[in-house]
Each structure stands twice: as C-alpha cells, then as structure tokens.
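> Got a structure for you, questions after.
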Amino acid sequence: DVKVTQSSRYLVKRTGEKVFLECVQDMDHENMFWYRQDPGLGLRLIYFSYDVKMKEKGDIPEGYSVSREKKERFSLILESASTNQTSMYLCASSHDRWYGYTFGSGTRLTVV
Amino acid sequence: QKEVEQDPGPLSVPEGAIVSLNCTYSNSAFQYFMWYRQYSRKGPELLMYTYSSGNKEDGRFTAQVDKSSKYISLFIRDSQPSDSATYLCAMRGGAGSYQLTFGKGTKLSVIP
C-alpha cells in the first residue's frame, strides 16, 4: 500500500514562528498536495506540485510556501505563524491524473 | 453556486439501517467520482471510485452516478458502528484535469 507520512501528528507553535510541516510518500508518486481542513469549510487546497522543484498555488496560498527538492518529499512552510493558521493540515499524493489521492494522517497545528 | 454541494449532516442511524449519502455538482466536465471516508483525527481514505454514469458495488457499499442529473450517491447496506465517520465526495474532469474537487463531507453516526 502507498504510504504518505506526515512527520508530526500534533504541533503547538507560537505566533510569529516559522513552521515546517513535512510529508513523505514512498510510492514514487509524481503529484503531491497540501490541504487544510477546518470545520464547516471542508478541504481547502494550499499548494500542489506535479514534479520536483515545481509548485503551483492553490486556493489559499497566502502565508504559506512549499518546497519540493526531492520527488518523495513535499514540505509546507508557514513563514510567520498566526492564530488563524490553527488547523488540520493534510498532505496527499497521487500517481497519475486518473486516480484518487492517498492522504497522510494529518498534522493538527495549534498556533498560540 | 458551489461546484460540489454535500449536506454536512450530522446523520444518525440505527445499526443495520441503509444509509444514503449524496452530492450534487454543477460542472458537467466532471467524469471521475470518488467517495472518501475519514475517521476522527485521521486522513481521508479512498472508499469507492467510479467513472462516468452507473453503479459500482463493493461489499456493503454501492456508488451511483447520474451525470444527467449531476448527482452522485453512496449507499451503505447493513450499516455498522464502525461505519461512523465523515464521508467526502470528490470528483475530477477528464484529460488535462489535475485536481479533485471535494464536497465538505457528511458526518455519519451509526448507533448500536
């Protein structure tokens, strides 16, 4: 089975900190995605990547950046964490355009 | 009008009931339809995947797509407490389509 691993299940960070969320997939998927999930708002796409060193903005990229130096790793960076970035963050990957995503278990980030 | 509409529930049913979960959509370009199941504090997992109109059955689960009405359904027969989760519909277009569009999810509780 494809595995998507997010490095932390729970994180607590202070306002203004730079935060790194790491995601690794082990099945050579080309496509990787970062979402946040909030009650009542559903999944919202932050950034995605179809290849190494390639990135595209999603629906809510403000306050975030990403890095994809290797095919298996896709990092989400909160440049200066704010309380409104408290959320569940989900990483996903997919092999090609015709199949669904495989999600990681999520990182619940709290910014205080 | 939102691209994908899904009643958030919550939906509460007794064990053994037949459950019907639904989504409507507005984009006639959608061709691939999926249902994800998300347990509390976990990432979504792909449950069912269908292409174009018709039915697909997998054990107690049946996915139904009516493209003429832009309506998709997930039926769960003989529902179990272990089916208690949030169910998200997702869909994508054909050639050139890279991303999934998600519904916001329906929270289901199956009461023993």
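The values are calculated or read from the model by the stated rules, or taken from the named source; none is laboratory data. Since the structure is predicted, the reported quantities are computational estimates derived from the model, not experimental observations. When we count neighbours, we look across all protein chains shown, and the Cβ atoms used for this are built from the backbone with ideal geometry, even at glycine. All accessible areas refer to the heavy atoms of the entire protein, side chains included, with ligands and DNA or RNA removed. Shrake-Rupley method; radii C 1.70, N 1.55, O 1.52, S 1.80 Å.
> Calculate the FRET efficiency for A:VAL112 and B:ILE111 from the Cβ-Cβ distance with a Förster distance of 35 Å, rounded to the nearest 0.05.
According to the calculation, E is roughly 0.45.
> Mind running the shape call on the protein assembly as shown? Use the C-alpha gyration tensor, a ≥ b ≥ c as the square roots of the eigenvalues: rounded below 1.5 for a/c, prolate if a/b tops b/c, oblate otherwise.
Taking the square roots of the gyration eigenvalues as a ≥ b ≥ c, the protein assembly as shown is prolate.
> Can you pull out the buried accessible area for chains A and B, both sides counted, probe 1.4 Å, rounded to the nearest 100 Å²?
1800
> Keeping every protein chain present and rolling a 1.4 Å probe, give me the accessible area per residue for chain B in Å².
48
> With all pairs of different alpha carbon atoms counted, what Kirkwood hydrodynamic radius in Å does chain B show?
Computed over chain B, the radius equals 14.1 Å.
> Using amide H atoms built in the peptide plane, which far-off residues or other-chain residues are under 5 Å from B:LEU11 H to H?
Here B:LYS107, B:LEU108, B:SER109 satisfy the definition.
> Then there's this: With a 1.4 Å probe and every protein chain left in place, tell me how much accessible area B:PHE30 has, in Å² to the nearest 10.
Only protein atoms counted, so the area is about 10 Å².
> Ignoring ligands, DNA and RNA, how do B:ILE18, B:ILE111, A:ILE77 rank by accessible area with a 1.4 Å probe, largest first?
From most accessible down to least: B:ILE18, B:ILE111, A:ILE77.
> HN-Hα J couplings of the range A:17-31 from phi, Karplus 6.51/-1.76/1.60, θ = phi - 60°, integer Hz, Gly and Pro as x?
Working through the residues one at a time gives 5, 8, 10, 10, 10, 9, 9, 10, 10, 10, 10, 6, 6, 6, 9 Hz.
> Something else: Give me the net charge of B:LEU11's neighbourhood, meaning all other residues with Cβ under 12 Å from the Cβ of B:LEU11; Lys, Arg count +1, Asp, Glu -1. Mind dumping the intermediate values first?
Values: positive: B:LYS107; negative: B:ASP7, B:ASP83.
Neighbour charge sum, excluding B:LEU11 itself: -1.
> On full extension of the chain, what length is gained from B:LYS42 through B:GLU57, given 0.36 nm per residue of separation minus the C-alpha to C-alpha distance?
So the extension gain works out to 2.9 nm.
> Using θ = phi - 60° and the Karplus form 6.51 cos²θ - 1.76 cosθ + 1.60, what ³J(HN,Hα) does each residue of the range B:62-75 get, whole Hz, x for Gly and Pro?
10, 9, 10, 10, 10, 5, 5, 9, 6, 9, 10, 9, 10, 10
> On a C-alpha basis, how far is the centre of the range B:60-74 from the centre of the range A:58-81 in Å? Whole number, if you could?
Centre-to-centre (Cα) distance: 35 Å.
> Using the structure shown, select from B:LYS70/B:LYS107; B:LYS2/B:LYS104; A:LYS3/B:LYS42; A:LYS3/A:LYS71; B:LYS2/B:LYS67; B:LYS42/B:LYS104 the pairs with a Cα to Cα distance greater than 19 angstrom.
Pairs exceeding 19 Å: B:LYS70/B:LYS107.
> Which whole-Hz ³J(HN,Hα) couplings does the range A:48-60 yield from phi under the Karplus relation 6.51 cos²θ - 1.76 cosθ + 1.60, θ = phi - 60°, glycine and proline marked x?
Along the range A:48-60, the couplings run 9, 8, 9, 6, 4, 6, 10, 8, 9, 6, x, 7, 9 Hz.
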